[in-house]
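What follows is a set of notes on a single structure, which appears directly below.
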Amino acid sequence: MTRLRQIVNASKLGEHGLRLIGTTDIDGKGTTHEIADVDPIVLFDFGKINTRDELSFRPHPHLGLTAMSFLPVNGTWMAWDSLIGENESHLHAGGLYYVHAGSPAFHHEYPSPETVAAEMDVEFVQLVWNATDEEDVKTVIIQPKDVPVVTLENATIRVLAGEFCGVRSAQPFTHRKIIYGYVQLHNEKAVDLQVPSSLRGILFVIEGKLDVNGVTVDEQQMMILGDEDQTLSITNLGTETVSRFIIAAGEPLNKPFCKLIGLGGFIIGKTEEEVRRRMEEFTVKAEQLKAEIPQHFPAQYL
């Protein structure tokens, strides 16, 4: 089946976020973006918040997926999960927080007290992969110093996961072949990047405007890569600014799954019966967590 290149505009997600990839769940809740051409990616969100604003984040369930949280610039983030509790390490900008939930888990992420006090603008990228064929469950923080950086003549690339530009990054969560890179391209400069034809994925522009294989991709737009995009010839159309963008692609599962939204998050599984049963279990656990760690729940949820 031929995969055609597509340009996708984001949907508004709350007051501060954008959703680029997602789909409705089995009860019709959620966004309406198609995701067949980006398998194994099941969610991609981008947010820009000022930490003086009150956030509605809370511990939420994950199952059948691997979530990667990335801070492109500014701030530090903290994390709690049902596997290890409070994580003593803070996530710094340029690093990643992985939650691999082939089995059930709750997790929660939030800005550090220092970042809140600074009232700074923080960008937040979350990329979620299908892990319905895996059973491991773990969380890992990878700090910026442990993320390999490729320096080219016109660009720098942080290789966040998988193997990209001949460099392999830490990938503690899955056997699947993936690419996940954060690229900064100098103004009015160009770069060619390779994405294997066996992978499906996207290019998302955080800042700037790009020409990608003859197609213009504006700021906060996403290109779904087509069969013709194995080589990405990318030019920064800005005359004064560095363009910043994400490239992510993975080996597709080519298997159907069921998604269910609830408790501030979502889970996926192989059958509707499975995800409904699991969400019932998560609902009971969420009530227990409210009593055990009320400091992580905004007042509206207590």
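Some observations on this one:
- Kirkwood hydrodynamic radius (C-alpha pairs) into Stokes-Einstein, the stretch 242-302, 37 °C and 0.692 mPa s, D in µm²/s: 226 µm²/s
- Mean Cα-pair separation over length for the stretch 6-250, i.e. relative contact order, pairs under 8 Å, 6 or more apart, %: 19 percent
- Tilt relative to the chain, helix 272-292 - C-alpha long axis, 0 to 90 degrees, to 10: 70 degrees
- For the stretch 1-114, average projected area of the Cα convex hull in nm²: 8.9 nm²
- Here the 3J(HN,Hα) profile of the stretch 197-209, calculated from phi with Karplus coefficients 6.51, -1.76 and 1.60 at θ = phi - 60°, is 5, 6, 9, 10, x, 9, 10, 10, 8, 7, 9, x, 9 Hz, Gly and Pro shown as x.
- The smallest convex shape that holds all Cα atoms of the chain, its convex hull, gives 126 Å³ per residue.
- For a straight C-alpha distance cut-off of 20 angstrom, the lysines reachable from Lys189 (same-chain residues fewer than eight places away being disregarded) are Lys209.
- Per residue, the convex hull around the alpha carbon atoms of the stretch 130-253 comes to 109 Å³.
- Candidate cross-link partners of Lys48 among the aspartates and glutamates, defined by an alpha-carbon separation under 19 Å and a same-chain spacing of 8 or more, comprise Glu15, Glu109, Glu114, Glu119, Asp121, Glu123, Glu207, Asp218, Glu219.
- Aspartates and glutamates whose Cα lies under 18 Å from that of Lys145, excluding same-chain neighbours fewer than 8 positions away: Glu88, Glu163
- Under-5 Å amide H pairs with Ala161, H placed in peptide plane, nonlocal only: Tyr180
- Only DSSP H runs of four or more residues enter the estimate; each adds -39500 (n - 2.57), and after division by the residues of the chain the mean residue ellipticity at 222 nm equals -3000 deg cm²/dmol.
- Note on Gln6 and Glu188: the extension gain reaches 63.1 nm, defined as 0.36 nm multiplied by sequence separation minus the Cα-Cα distance.
- Estimated translational D of the stretch 1-55 in µm²/s (Stokes, Kirkwood radius over Cα pairs; 25 °C; 0.890 mPa s): 191 µm²/s
No value in this document is a laboratory result; all are computed from the given coordinates. Predicted, not measured: the structure shown is a model, and the values here were computed from it.
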